[in-house]
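Note sheet for the following structure.
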Amino acid sequence: MRSAVVKKTSACGTILGNDGERKDKVKINALVALLLLIAVASGAGVQPATAAAEQPAAAVTQGAVVDAQNWFGNQLDKQAKIFYNALVEMRRNGSLRSGTGSIDLIRGTFSGDQLAVSDVRAHLNGSRPLTAAFQAGRDAFMNDYPDVFYVDFSKLTLRATQSGRYCTAVLGKGSGDSDYLAEGMLSPGRVGVAITELDAEIDRIAASARKETDVSAQLKAVHDALAARAAYTTRSQQGVNVFGAYGALVKGTAVCEGYSRAYKAVLDALGIPCVLVRGTAGGTAHMWCSVQVDGGWYAVDVTWDDPIGGSVRYAYFLKGANRFSVSHQATGVLSPNGSSFTYPALCDADYPYSV
């Protein structure tokens, strides 16, 4: 099978002619860049990251450099971001791998703010905002970091106490649970082995994809490798691991969520912007990916491109909104009764390529 042959494009498929002709959009982009340089030189202020995070993700300008690794985290309010940053720190320092690690949300050391004692007291008195913030931060982290496959996030708990004027707030396992490890991850030792196995598969596929010099060709290489490695299954058929990257890449079986998380995990390793998208397709709950290539965002659904028997297809590879949205509808709520998030705005037309 030949590698993808791709035309050079700007954001959302605006083609730059082989003779060097530039379309109006390119001129506009150059003008915007010039104005930005003038603004910086004159000392004009730049909006802080917190302000940018409050804008709908769909409003991100096509072609802009985005922080896709923290796509959902950047949409959180100040309180929810505390839980998100705490989980990022637990991932960094390895305490999530034990299944029993915890972090102090009031006095702990992690990026950004800590919880205010007044908010913890309000929580203990029955106020709901802290519970909603915990769920939003957890949901955002789960979808920004597909490599954390070994945690059962439903078992992570906010434990708050008050004794006189002294309050505590700890993120960790629930009082009735021995740990918060995912099903099949029986011990920290097993988690370590599983991480090594997954990293090896990610490195193998990424190394092969890096042989391609074009981003769209790398996206196709990962698409094909994942379709070849994984087979669609259901929870009732295979039991554990089917919802994560580990199931798709190591065990070779996954549902749509496992396919999508595996695709993002490899693209994260390659440095290609990728965002997980939840929604419905064919009338049922589904997950797929949005990827950024040549400045525009396009949909990729490896699950639907991996048929039972036969060769991998490309009916849902690098598709724009005009065609993809006929069968797929995104839903911004990542968990039942959770906060609503937004996704990158897809280009209208498909990405121009040939296989």
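Numerical summary
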| read-out | value |
| --- | --- |
| Residue that is surrounded by the most Cβ atoms within 10 Å (Cβ to Cβ), among those in segment 117-132 that are assigned to a helix (DSSP H, G or I) and hydroxyl-bearing (Ser, Thr, Tyr) | Thr131 |
| So Pro344, is it part of a loop (DSSP other than H, G, I, E, B), surrounded by fewer than 19 Cβ atoms within 10 Å (Cβ to Cβ) and not charged (D, E, K, R) | no |
| Every residue from segment 284-300 that is of a type outside the set (Phe, Trp, Tyr) and within 14 Å of Phe324 (Cα to Cα) | His286, Met287, Cys289, Ser290, Val291, Ala299, Val300 |
| Qualifying position, being over 18 Å from the mean Cα position of the chain (by Cα) and of a type in the set (Ser, Thr, Tyr), among Tyr343, Tyr353 | Tyr353 |
| Test: Ser335 is within 15 Å of the chain's Cα centre (by Cα) and surrounded by fewer than 24 Cβ atoms within 10 Å (Cβ to Cβ) | yes |
| Yes/no for Tyr351 being assigned to a loop (DSSP other than H, G, I, E, B) and either in contact with a Leu (Cβ under 8 Å, 6 or more places away or on another chain) or at positive phi (or both) | yes |
| Output for segment 63-87, where each listed residue is crowded, with 21+ Cβ neighbours inside 10 Å and either among the hydrophobic types (A, V, I, L, M, F, W, C) or modelled with pLDDT under 95 (or both) | Ala68, Trp71, Phe72, Leu76, Ala80, Ile82, Phe83, Ala86, Leu87 |
| Enumerated helices (runs of 4 or more DSSP H) restricted to segment 133-242, each holding at least 2 residues that are touching a residue at least 60 places away in the same chain (Cβ under 8 Å), among the aliphatic types (A, V, I, L, M) and surrounded by fewer than 22 Cβ atoms within 10 Å (Cβ to Cβ) | 188-209, 215-229 |
| Residues that are over 16 Å from the mean Cα position of the chain (by Cα) and part of a loop (DSSP other than H, G, I, E, B), drawn from segment 276-303 | Gly282, Gly283, Asp294, Gly295 |
| Qualifying residue in segment 177-195 (condition: in contact with a Leu (Cβ under 6 Å, 6 or more places away or on another chain) and not polar (S, T, N, Q)) | yes |
| Subset of segment 279-295 that is polar (S, T, N, Q) and at pLDDT 95 or above - its residue that is nearest to Ala265 (Cα to Cα) | Ser290 |
| Matching residues in segment 155-201 - criterion: being small (Gly, Ala, Ser) and under 25 Å from the mean Cα position of the chain (by Cα) | Gly172, Ala182, Gly184, Gly192, Ala194, Ala200 |
| Segment 313-333 residues that are assigned to a helix (DSSP H, G or I), paired with ones that are crowded, with 16+ Cβ neighbours inside 10 Å (beta carbon under 6 Å, 6 or more apart) | Ala321/Leu346; Phe324/Ala299 |
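The values are calculated or read from the model by the stated rules, or taken from the named source; none is laboratory data. Please read these numbers as outputs of a predicted model, since none were measured by experiment. Virtual Cβ from ideal backbone geometry, glycine too; neighbours counted across all protein chains shown.
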